[in-house]
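Contents: one structure, followed by commentary.
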Amino acid sequence: MRKPWVYLAIIALTSAATAGVTALLLNIAERKQEGRQRVVKLAELTEATTDPAEWGKNFPREYDGYRRTVDTERTRYGGSEAFSKLDADPAWRRIFAGYAFGVEYREERGHAYSLEDQQLTLRTRQFKQPGACLQCHAGGIKHVYETLGQGDLQAGFAKVNAMPLQEAWQHASSPIACVDCHDPQTMQLRVTRPGFLNAIKLVKAAEGIRNYDPNTMATRQEMRTFVCGQCHVEYYFKGAEKMLTYPWHNGLKVEQIEAYYDAQGFTDWTHAETGARVLKAQHPEFEMWNQGIHAKSGVACADCHMPYYRQGAVKVTDHHIRSPLLNLSRACLQCHHATEGEMLERVETIQGRTRALLDRGEAALLDLLDAIAAAKARGADTRDLEAALALQRKAQFRLDFVSAENSMGFHAPQESARILAEAIDYARQGQVAAQDAPKAKPTD
C-alpha cells in the first residue's frame, strides 16, 4: 500500500503542471492579442500631418526607429557621418572644377537631417538652385503640391519646381516624414513624388504596360522598393521651368541615360579647366540596384535597409534606415546562412574591388585632363579637342555614376565593374586624342 505522501506529491505535481499549462496558454493568448492589437489611435492623422512625432503617438515602435536616423555612423566606404568627400578624395575637386560639387560635397546624413542638410550646404548657400530640389528633402511635399496646385498634384509640382529654392523652403516644415511613404488613413505604402510617378510610367510603357500607377498596380514587395526609389535616383532639371525629370526614357542603364541626355542636348556644366560639356550623376541607387542580383531575386530595399525585428509578439519594420553593414544579423543573415564576419568580408571584398577600379578610373581621367591642358598650352583649340572633350564627358559620367551611387558597387557588382571599365577606356582614348590634337591653325 502506497504511503499518503506519494498521493500528495502526485496531486501537487498535477496541480503545478495544470497551473503551468494554464499560464502558458494565457501567455500565448495575450501575445496573440498583442500581435493583433498593434495600434492605439491617439492622434488623428491627415495629409497635413507632416511632423513624425504626431505619427509616433500611434506608432511608437516605428517612431523610435525613425528618431535614430539622427545617428551618425560610418562604414568603410560611407554611412551617415557627414564627412567631406572632397577631403577624402581631393581628385574630385578637379573633376568637378567650375561646379557646385567642387566647392562642397559631403556624405549625406540620415533622413531626419534631409531638410537641414540641404539648407546648410554651400551648394545652396553660394549657388542658385531651383525649388525642384525640395521634392526629396521636405516632408509632406504631396500636400504642398496639392495645396499650391489647388488639388492638382502635377500643377503644384511644376509651380514649386520653378521657384527659387529659398522661396520653396517657406513651404517646408519638416524633413522626410512618415506621410511621404504611408497613406495617413490606411497606412498603406505609397509613392508621393511626381518625379517618380512620371518616370516609372515610361519604364513600364517600354514593357508594354500603359498608364502605370504604382499606387494601384504595384505589389506590396515592389512598393517596399518604390518608396525608396522615388528619391534615390538620377535626375535633372529640364528646361527653363526646371522640371524635375528622371531620365529613364531609354531605360535605366548608364548608357541609356547618357543617350537621352545627348539627344536633349543637356549638360550640367562646362568644365572650368577643359571646356568640356559634362554631366553630374546624382545618386542612382534605384537604377544600379535594378541591375543587381538582389533585384533579380525579388529582394526589396526595405528587406536590407529596414529589416524586421520582434518586440514582444509584434513584428516591427525597423525605421532606423541605415547601411545593412551596421545591422548584419537582421539585414543579411535572414537569407544568407553565414556568419556576420563572413558576410562583412563578402561585402567589403566587392566594395574594395570597386574602390580599386574607381581609383584607376580617377587616375585615367586626371591624365586626360592633363593631356587636354597640355594640348591647349601648345595651341590646340576647342575644334582640335572636340574628340577628347566628348570622351571626357563619357568617361566622367560613368566614373561619377558609380562614385555617386551609395553602395560602392555592392548593389550591382558586375554592372559597376563594367561601367568603370568603360570609364577607364574612354579616358585613355581621350588622352590619346588630346595628345594627337594638332595646334590651332592660324587664321588668314
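Quick look at the values:
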{"read-out": "Selection status of residue 15, hydroxyl-bearing (Ser, Thr, Tyr) and either at pLDDT 90 or above or in contact with a Gly (Cβ under 6 Å, 6 or more places away or on another chain) (or both)", "value": "no"}
{"read-out": "Close pairs (9 angstrom Cβ cut-off, 6 or more residues apart or separate chains): at pLDDT 90 or above in the stretch 66-88, part of a strand (DSSP E or B) and small (Gly, Ala, Ser) anywhere", "value": "72/79; 73/79"}
{"read-out": "Among (1) at pLDDT below 95; (2) crowded, with 16+ Cβ neighbours inside 10 Å; (3) of a type in the set (Gly, Ala, Ser) - the single one residue 56 does not satisfy", "value": "(1)"}
{"read-out": "Subset tally (residues that are charged (D, E, K, R) and under 29 Å from residue 269 (Cα atoms)) for the stretch 128-185", "value": "3"}
{"read-out": "Test: residue in the stretch 269-280 that is free of Cβ contacts under 8 Å to residues at least 60 places away in the same chain, assigned to a loop (DSSP other than H, G, I, E, B), in contact with a helix residue (DSSP H, G or I) (Cβ under 9 Å, 6 or more places away or on another chain) and over 30 Å from residue 187 (Cβ atoms)", "value": "no"}
{"read-out": "Among residues of the stretch 150-176, those that are farther than 15 Å from residue 48 by Cα and either crowded, with 16+ Cβ neighbours inside 10 Å or aromatic (Phe, Trp, Tyr) (or both), counted", "value": "11"}
{"read-out": "Qualifying helices (runs of 4 or more DSSP H) (wholly inside the stretch 51-111; at least 2 residues being under 21 Å from residue 281 (Cβ atoms))", "value": "85-88, 91-95"}
{"read-out": "Any hit, the stretch 379-388, residues being assigned to a loop (DSSP other than H, G, I, E, B) and crowded, with 22+ Cβ neighbours inside 10 Å", "value": "yes"}
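The values are calculated or read from the model by the stated rules, or taken from the named source; none is laboratory data. Please read these numbers as outputs of a predicted model, since none were measured by experiment. For neighbour counting, all protein chains shown are included, and Cβ atoms are generated from backbone atoms with ideal geometry for every residue, glycine included.
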